1. Go through (1) in the same structural domain as Leu238 (by TED's automatic domain parsing); (2) on the phi < 0 side of the Ramachandran plot one by one and return the number of the condition His368 breaks.
2. Answer yes or no: is there a residue in segment 602-615 that is modelled with pLDDT under 90, within 16 Å of the ligand (Cβ to nearest atom) and not in a loop (DSSP other than H, G, I, E, B).
3. From the residues in segment 48-69 that are within 11 Å of the ligand (Cβ to nearest atom) and over 21 Å from the mean Cα position of the chain (by Cα), which one is farthest from Glu466 (Cα to Cα)?
4. Return the only residue of Ser325, Ser302 being of a type in the set (S, T, N, Q), buried (at least 23 other Cβ atoms within 10 Å of the Cβ), away from the ligand (no atom under 16 Å from the Cβ) and in contact (Cβ under 8 Å) with a residue 40 or more places away in the chain.
5. Taking segment 624-651 on its own, how many of its residues are surrounded by 12 or more Cβ atoms within 10 Å (Cβ to Cβ) and modelled with pLDDT under 85?
6. Need the failing condition index for Gly326 against (1) closer than 30 Å to Thr116 by Cβ; (2) modelled with pLDDT of 95 or more; (3) in a loop (DSSP other than H, G, I, E, B), just the number.
7. Pick out, from segment 620-725, the strands (runs of 3 or more DSSP E) lying fully within it that include 1 or more residues that are acidic (Asp, Glu) and either touching a residue at least 12 places away in the same chain (Cβ under 8 Å) or assigned by TED's automatic domain parsing to the domain that holds Pro16 (or both).
8. Mind checking which residues of segment 182-222 are surrounded by 21 or more Cβ atoms within 10 Å (Cβ to Cβ) and within 13 Å of the ligand (Cβ to nearest atom)?
Amino acid sequence: LSQAPLSTVGTKTTCPYCGVGCGVRAAMQADGVIAVTGDELHPANKGRLCVKGSALGETVDLDGRLLHPKVRDADGALQRVSWDAALDKVAGGLRDIIDRHGPDSVALYVSGQLLTEDYYIANKLMKGYVGSANIDTNSRLCMSSAVAGHKRAFGEDLVPVSYEDLELADMVVLVGSNTAWCHPILFQRIAKAKENRPEMKLIVIDPRRTATCELADMHLPVKAGTDVWLFNGLMSFLAHRGARDNAFVDAHTSGLGEALAIADADCADPHEVARICKVDVNDLLAFYQLFADTEKVITGFSMGVNQSSAGTDKVNSIINCHLISGRIGKPGMGPFSITGQPNAMGGREVGGLANMLAAHMDLDNALHRDTVQTFWGSPHMADKPGLKAVDLFNAIEAGRIKAVWIMATNPMVSMPDANVVQRALSKCELVVASDIVEGTDTNAFAHVLLPALGWGEKDGTVTNSERRISRQRAFLTAPGEARPDWQIICDVAIRMGYRGFDFAGVHAVFDEHARLSSYRNGPPQIAGNSMRVFNLDGLTGMSKQQFDQLQPIQWPVTRDKHSGDVTGTARLFGNQRYAHADGKARFVATPPRGPAHLPDEEFPLTLNTGRVRDQWHTMTRTGKSARLADHVPESFIDMHPQDALRYGVREGSLARISSRWGAMVARVQHSGGIARGSVFVPIHWSNQTASDARVGALVNPVVDPLSGEPEFKHTPVSIEEFGVS
Ligand code: SF4
């Protein structure tokens, strides 16, 4: 069995890893090697690729691939079956459980790795046909706090800026973001801009001294969990030191009084803020003054902000500073959520979270539910938000959810308190997994395995962190019996007796998604709010050929009524109209609060988790490349040498790190970038690579009350020597 090229000419497609969404050209050469180069014409990367992107060709092979549908037999062994048998098993199993226990007894858990069309169909099936919103996504774990923060401030989940604004800015502030490793091409663009304009400032706010700090003019090593104090302090400073943009605030915002009163109450004294944040007060004041003095400021933020039990407030405390200084809606300025996954943004467009509906509509809005149901002509609309990721797996463990279909993700490794996932999947009546590989920690619990197409084999769209929709295109034939995810979901839906899942191809799925956004933006009486921003009006009605030729474009996408010209949008809020009913942006009061669990005698250290440069998620793809493995060959526990001395562990030796929720084993290292009292462990390694290697097993499952995003950056742990190294 082998794969053949669909074309020997380089196919333009999009890198499947991080949210930068770089364009690549890929082709299988005569010797079977897959050549990958950066696409010079793609606006995200202009020909550049990072080490992960340039190694893509080394990660596409059939080793370990799931090539045929499989069903577990009475002895627990997975047996190859026909597609018909597998689809009947899934559709029949879901139908039976729904009939016995109701629509909320089944769930889908999907992924920011899915293409927008896959995501759209999965949400349509659950929310419009099964009649339950119990569909959540691993994007809950990375950017849902940004979504909630955007909705509070802007009335809709909107990222105001473009990558180009990073280059136009006179100061880039990166908060909780190791951009150099996690979004390398964005970092290269910042580095190039700084090389061209040495006066441009880069400020990094991060408890760790990461690779990103190497380029920084200032690193504020803020104490983990204190970001709101720091940005409330900045808001107070801007308000009282002449940096308030009164004209903008008066005309285009509301809520300043309450938000500023809260900021002033705890954070008006920079010395007190510096004490709480554990940063040098002179550095803090220098940062505040720089922000006040610099017109073009971008504040980029990522997981260090989002992954917190106060994540949404952290996001709003950042946005508040841009609103009070009027630094939004113009070139080179604005708050900027840097998305982790390749299609986290596309998932948001189609309502990929349990509390959202397609086309940026809300499940808890009756008018929005009616709008979507009318458009779909669907029989059973979910009437309330579903369970978010942590609650969803808790409900499986509690027996309230009896069937789960997991697509393109590995929650046994990536979820917090991952042992709950293990117990939940062990007792779940029906576990279905759609995946490209067979042997993952999660798939070991599947009753049915469905082979999905992977990168290079599937067709559709993804949307990157700057709202740019790009095509992923197939350049390889499908291996074995693998099928596109959207097609698999449609096949199950049709077997469950539902209409509305008969599509002529992936272009027809995209068209329905685009038409729904256009329908939503039609007469105000339909959706009740004519000011909503997300809009793909200009992309409706594309033929298959036009869809195949679609060039990268940023939404909202409009079409001129007279000329028919289609236009994307680089920057939002240029007209200073926001999506709240009164057209104004909202200041949000953000009373500071610390992490949910603090270190104590039993668990005296604070665990922070994150990525390494050359691996992606649970390594099912990047783990195949020896070149990528060379960078960091195994998991590690990074800690301060004095903490290592204190707790009796040695650099290079194995240590067991434990929390109230679980434990893992890895080797101790001292990178020099960790403050005393903290440890850092990467997220990538699983029990497939070594036993007790999942850091998710340790992470506390506390979530932000609004976004449901877990606190991956702050879990109290202890450490001890583990056996002989
Ligand atoms: Fe791929 Fe991200 Fe690297 Fe670009 S920066 S090549 S999208 S991993």
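1. If we test His368 against (1) in the same structural domain as Leu238 (by TED's automatic domain parsing); (2) on the phi < 0 side of the Ramachandran plot, just (1) comes out false.
2. yes
3. By that ranking, first place goes to Ala55.
4. Ser325
5. Going through segment 624-651 one residue at a time, the tally reaches 6.
6. Failed condition: (1).
7. Output list reads 636-639, 715-721.
8. Result: Cys182, His183, Pro184, Ile185, Leu186, Phe187, Arg189, Ile190.
The values are calculated or read from the model by the stated rules, or taken from the named source; none is laboratory data. Keep in mind that this is a model prediction, so the values were computed, not measured. Cβ atoms come from the backbone with ideal geometry, glycine included; neighbour counts cover every protein chain shown.
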